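Only one structure is covered here, and it is reproduced in the block below.
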Amino acid sequence: MSHKQNIHLVLFTILSSIVFIFSSSNCVSGLAQPYHALVAPITKDLKTSLFSITLNIHEKYVIDLGGPFLWYRCPKKYPTVPCASPACSSVKSYFSPLCPSLKGESRAHCKCVVTPVNPVTNKCSLAHLTNKDLSISWTNGSTPATSVAKFKKQYVSCAPQSLLNSLPVGVSGMAGLSRSLISVSSQFMSPKLKIKKQFSVCLPSTDSAPGVMFFGDGPFRMVPPTPADILSFLAYTPLVKKPKSADYYINLKGINVNNNKVVSLGVEGNGGVKLSTVVPYTTLSSPIYKPVFKAFVKATNGIPRAPRVKPFKYCLNTTNLGSTRVGYPVAPIDLVLANGGNWTIFGANSMKQVSDDVACLAFVDGGPKAKQPVVLGSFQIENNFLSFDLEKSRLGFSSSLFFIRTTCGNFNFKGEMWG
């Protein structure tokens, strides 16, 4: 972790600690609040390319858009949830096939068993559903407020220490943000507190400053030179539900490279794109990857090549390539959405810098039998502002924030005054 990031997080932790001690806010009490949104920092781990949200002042949880709940290593003694409870019933549909089947679940007075999964290692464990208090800062949309929301007895899952393998050092577990009724986002978006069913994610591209996550509605503002509401810059496309899946999908009609159509997936798009914060690079099934790869190679034919660097198949020498506001001057890649809009991926999100003078096309061939035709990975959404509006079932997306001269690291966590 860099010195600059340490300063940012120390200042935020001090502010949160003071707020935590003196705040009288409590979800159970239902006290009136002048704010209707929550905020937390997102940090990037460069070694794993995973992103963590900070809750309870100092606890870090890797964020997983498709995770059905928060899981962590429980203390030796912890409360359990009955099998017959509504919470247990709601999570049964997310039982992972990676875990062994349950036995004796129908016994009277049994304890609710869930299946926390580490999506990086694809390891699963049978564990108990339990309760945990969670706290997070309120926000006015421009900086953390001087009060903290305390969510008592939230539903979470226990998990063994082994499930933390391959996650960033020091994290407590994983925080699921899916449509599940007991995901972190669902439990934070409280009608009682007038928090809209909407959450927003802005992933940082470095570890020098944290990105930001909001729960609730805006306006949301970054520090100058772009103090306008970020939500005003978003385009929208419908969110798609798939049976027995907690993930978020959008319909993809096709893919263009350098403004030329290279892939067509039909008029409706058929939920072609899964959004992920745990897959580092966009993964395409082979029938989609090959024409995209071929078109990108043709469009960058005049740029000197460099040797391949795994897991990438195409790398360029960037010594004399130059740059633009949105990254290297390479062919843009458009995700053509079923509702008629385009999500354009520019050089900053298409080319991964792997050394001082080499950058690679950060799209991966998932093979001919890939489960999903397109999984949009975290690298492609870094420094993009995404808003998951669950009330209207739509996704707001900004494309690169570099266009409006800001980044995901520009939220004012330090609480400094500016005009």
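The values are calculated or read from the model by the stated rules, or taken from the named source; none is laboratory data. Just so you know, these numbers come straight off a predicted model, no measurement behind them. Note: ideal-geometry Cβ built from the backbone for every residue, glycine included; neighbour counts use all protein chains shown. The area values use the complete protein model at the heavy-atom level, side chains included, leaving out ligands, DNA and RNA. Shrake-Rupley method; radii C 1.70, N 1.55, O 1.52, S 1.80 Å.
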Looking only at the range 191-201, filter to residues that are in a helix (DSSP H, G or I) and under 30 Å from Pro75 (Cβ atoms); which one of those is least open to solvent (accessible area, probe 1.4 Å)?
Leu193
Filter the range 167-190 down to the residues that are of a type outside the set (Ser, Thr, Tyr), in a loop (DSSP other than H, G, I, E, B) and farther than 21 Å from Ser398 by Cα and list them by number.
Leu167, Pro168, Val169, Gly170, Val171, Arg179, Leu181, Ile182, Met189
Note on the range 352-379: residues open to solvent by less than 10 Å² (accessible area, probe 1.4 Å) and more than 12 Å from Pro280 (Cα to Cα) are Ala359, Cys360, Leu361, Val374
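With modelled with pLDDT of 95 or more and buried (at least 20 other Cβ atoms within 10 Å of the Cβ) as the only criterion, which of Thr48, Thr121, Thr54 stands out?
Of Thr48, Thr121, Thr54, the one residue that is modelled with pLDDT of 95 or more and buried (at least 20 other Cβ atoms within 10 Å of the Cβ) is Thr54.
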Within the range 79-98, the count of residues that are under 15 Å from Ala127 (Cβ atoms) and open to solvent by 80 Å² or more (accessible area, probe 1.4 Å) comes to 2
Count, please, the residues in the range 164-190 that happen to be open to solvent by less than 10 Å² (accessible area, probe 1.4 Å) and touching a Pro at 6+ places or on another chain (Cβ under 9 Å).
7
For Cys112, only one of the following conditions fails: (1) open to solvent by less than 30 Å² (accessible area, probe 1.4 Å); (2) closer than 27 Å to Ser49 by Cα; (3) more than 22 Å from the chain's Cα centre (by Cα); (4) hydrophobic (A, V, I, L, M, F, W, C). What is its number?
(2)
Restricting to strands (runs of 3 or more DSSP E) lying wholly in the range 202-311: which have 2 or more residues that are touching a residue at least 40 places away in the same chain (Cβ under 8 Å), in contact with a Phe, Trp or Tyr (Cβ under 7 Å, 6 or more places away or on another chain) and surrounded by fewer than 20 Cβ atoms within 10 Å (Cβ to Cβ)?
235-240
